[in-house]
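The values are calculated or read from the model by the stated rules, or taken from the named source; none is laboratory data. Predicted model only: the values in this text are computed from it and were never measured. Because the Cβ atoms are built from the backbone with ideal geometry, glycine has one as well, and the counts that use them run over all protein chains shown.
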Amino acid sequence: MMNMDCIPLTWELNTLHDLVAINYGKSPIAILSENGTVPVVGTGGVERYGNDWIHDGESIILGRKGTIDKVTFVNGEFWAIDTAFYLTNFYKLVVKWLYYFLSTINFRYLNEATGVPSLSRDNLYKLPIPTPPFAEQTQIATILSTVDQAIEQTEALIAKQQRIKTGLMQDLLTKGIDEHGNIRSEESHAFKDSPLGRIPVEWGVDKIDNLLNRIIDYRGKTPYKSDYGVPLITAKIVRFGYLEEADEFIPEEEYEKRMTRGYPSKGDVLFTTEAPLGNVAQVLDERIALGQRLLTLKSGPRLNTDYLFYILMDEKIRQQFETLSSGSTVIGIKQSQFRKVLIRLPSDIKEQVNITSTIKSFDLQIDIHKDQLTKLKALKTGLMQDLLTGRVRVTPLLKE
């Protein structure tokens, strides 16, 4: 991470052996308990719980075998598993500061095994650790911990909003919104039975084939790819509700040849027919090339395209995908079978728009917080690069 010859003059160059004791974890089999309260910790964090502890206090967990590229901070009573090391006997050291420093090291370069990745205690002890004075360690750890706390709070907020959105979608896509802007209920509105359960009397159920204007389905060999050109959208980058950034392209001169079956429009829904089955996303940029194992769905006049996008994520609708699928090794659904999928929808297109607008407002809030999370993580990365190398000093803060 840093040039050891360029550390600040007031910092010491130690080895990990000078600063800590590295201890072997132990098998937790004898202490595991369903009613246990002591966390059993591996390199990925808490794995199980037990009724005894191996150490009480601040510590750092490092991988010994298997996952060796993760660093975990723990505090309090814990048990470290036998494929991990845990650190103790911290000498004139702020444990959280060392945790952040060790998090910058690529331990995979220290791997000694040809099979399962493995680290030796002797090599870990030799790690050079440029060590600032205790007061600087404290200030650095405080700054980074503050950013970590903001990251954790933002992640928790996003998770909470996702749960609320899931419940809201369930209500909106089964009950809808009445003329007063309220979600219907059977206590105050008329409902009826349908092949997809109880729905408002103003709604209907129809085959998706009757509601689409067109399905574009590309098969056959994909044109040769290049490092630039028109983004190629493949099933692997269509996730549940969003598109990942394309990492494959086809040359401009191949684009027209490829798109003989039709061009996607903004808002069209992409549906993966296999590997994986049933992921959906919307087209954001019209100039894209479509790969195999994808259906591009163009809505007809009775179906709002945003409503189609959200209804295909509804659990009741998704159950039909497996029923209509085929294949023993790779499960997939043919276009002819997909056309048989039933969906429920309001007869009034305006209600479909109102439903999707409400869901989209939640999506917007979630996206705002996801953007904040990305910025916080970038801030943390920058701070770690600056503060843990001494490139930016915290001494002015200490004077204040």
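If the condition is being farther than 24 Å from G115 by Cβ, without any contact (Cβ under 8 Å) to a residue 40 or more places away in the chain and assigned to a strand (DSSP E or B), then the range 40-60 contributes G45, V46, R48, Y49, G50, H55, D56, S59. Screening the range 130-170 for residues that are surrounded by fewer than 14 Cβ atoms within 10 Å (Cβ to Cβ) and among the charged types (D, E, K, R) and picking the one that is nearest to F101 (Cα to Cα) gives E152. Scanning the range 49-70 for residues that are crowded, with 17+ Cβ neighbours inside 10 Å, farther than 26 Å from N111 by Cβ and of a type in the set (D, E, K, R) yields one hit, E58.
Considering T272, T260, the condition of being of a type in the set (S, T, N, Q) and over 27 Å from the mean Cα position of the chain (by Cα) is satisfied by T260 alone.
Of the residues screened, G25 is not one that is under 21 Å from K70 (Cβ atoms) and modelled with pLDDT under 95.
Would you pick out the residues in the range 306-329 that are out of contact with any Phe, Trp or Tyr (no Cβ under 9 Å at 6 or more places or on another chain), under 16 Å from P276 (Cα atoms), touching a residue at least 12 places away in the same chain (Cβ under 8 Å) and not in a helix (DSSP H, G or I)? Across the range 306-329, the qualifying residues are S325, G327.
Exactly one residue out of R293, R287, R339, R344 is farther than 26 Å from T260 by Cα and touching a residue at least 24 places away in the same chain (Cβ under 8 Å), and it is R344.
Go over the candidates E256, E245 one by one and state the one that is assigned to a helix (DSSP H, G or I) and either surrounded by 14 or more Cβ atoms within 10 Å (Cβ to Cβ) or of a type in the set (D, E) (or both). Lay out the reasoning, then the answer.
Details: E245 fails: assigned to a helix (DSSP H, G or I).
Among E256, E245, only E256 is assigned to a helix (DSSP H, G or I) and either surrounded by 14 or more Cβ atoms within 10 Å (Cβ to Cβ) or of a type in the set (D, E) (or both).
Just a yes or no: is a residue in the range 291-300 in a helix (DSSP H, G or I) and either of a type in the set (G, A, S) or over 30 Å from A135 (Cα atoms) (or both)? Taking every residue of the range 291-300 in turn, none turns out to be in a helix (DSSP H, G or I) and either of a type in the set (G, A, S) or over 30 Å from A135 (Cα atoms) (or both).
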